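The values are calculated or read from the model by the stated rules, or taken from the named source; none is laboratory data. Small disclaimer: the values here were computed from a predicted structure and weren't measured. Neighbour counts run over all protein chains shown; Cβ positions are idealised from the backbone, glycine included.
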Amino acid sequence: MHARRWFVLVAPVVLFLWSGCAENKLTRQNYDMIKEGLSNKDEVRMTLGDNYAAHSEDRWEYEDDKSHLSVVIHFDERGKVLAKEWRDARTGEWEGQAPGIDPKPPGRKAAERRSTTTIDR
């Protein structure tokens with residue numbers, strides 16, 4: 001009976017402490033702490049954690065399905081942050097872009113139409 005009472009008292013404390021360890025680090029505040037050209041891989045790991053959705057030498061992707069967030073961090077050859085992307089599927093916010101992408105790609109107009117319609121009453 002004594003062991004049962006001990007378990008009832010200790011189990012909630014252990015669960016509370018354990019849930020605190022699973023803190024979600026993928027927040028806008030943490031994302032904003034990462035600075036392009038200044039932050040390195042160790043700083044990104046401390047800020048966002050190492051729970052990657054995808055991981056390569058020059059690109060780390062983080063996802064949080066519950067919050068519908070996605071973050072991509074791009075690194076240069078020295079391990080410094082080259083670029084970063086924030087995507088929030090709930091709000092439609094998408095900030096940043098992958099390095100090497102031209103924001104205004106060249107192209108040509110296929111057609112341009114202008115018309116005016118008059119409606120008689």
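Quick notes
- Odd one out for E95 among (1) loosely packed, with under 14 Cβ neighbours inside 10 Å; (2) at pLDDT below 85: (2)
- Meets criteria (within 25 Å of E23 (Cβ to Cβ), in a strand (DSSP E or B) and modelled with pLDDT of 95 or more) for K35: no
- Residues in region 41-72 that are part of a strand (DSSP E or B), among the small types (G, A, S) and surrounded by 13 or more Cβ atoms within 10 Å (Cβ to Cβ): 1 in all.
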